[in-house]
């Protein structure tokens with residue numbers, strides 16, 4: 001063991017930059033969304049849902065109009081906005097395309 005890291009770990013794929021960038025991005029999410037300890041899925045769902053609602057408001061659309069435009073039910077859009085239902089990655093990309101933004105929009109301040 002050297003510098004608190006076992007030799008085998010330094011050779012593993014976890015030791016490359018991708019792993020540490022992911023860890024750092026979790027820290028950014030914590031700071032960004034004001035989460036003190038641990039990023040829970042509920043907090044992320046709620047934050048993404050708020051951004052979805054904000055984008056809908058920016059465009060001046062109703063829930064029904066977003067549902068029709070994105071081909072999902074009104075109830076489902078409402079559940080996404082309130083954080084009751086988690087958004088899968090494919091659905092997040094689909095909603096981003098329907099609303100004319102990049103998927104990263106939902107994670108910005």
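Pairwise Cα separations in segment 41-107 fall into 10 Å bins from 0 onward with the following percentages, short to long: 24, 65, 12.
Taken over segment 70-109, the alpha-carbon convex hull comes to 71 cubic angstrom per residue.
Any read-out appearing in this document is the output of simple, stated calculations on the displayed coordinates, not a laboratory observation. Because the structure is a prediction, the values reported are computed rather than measured.
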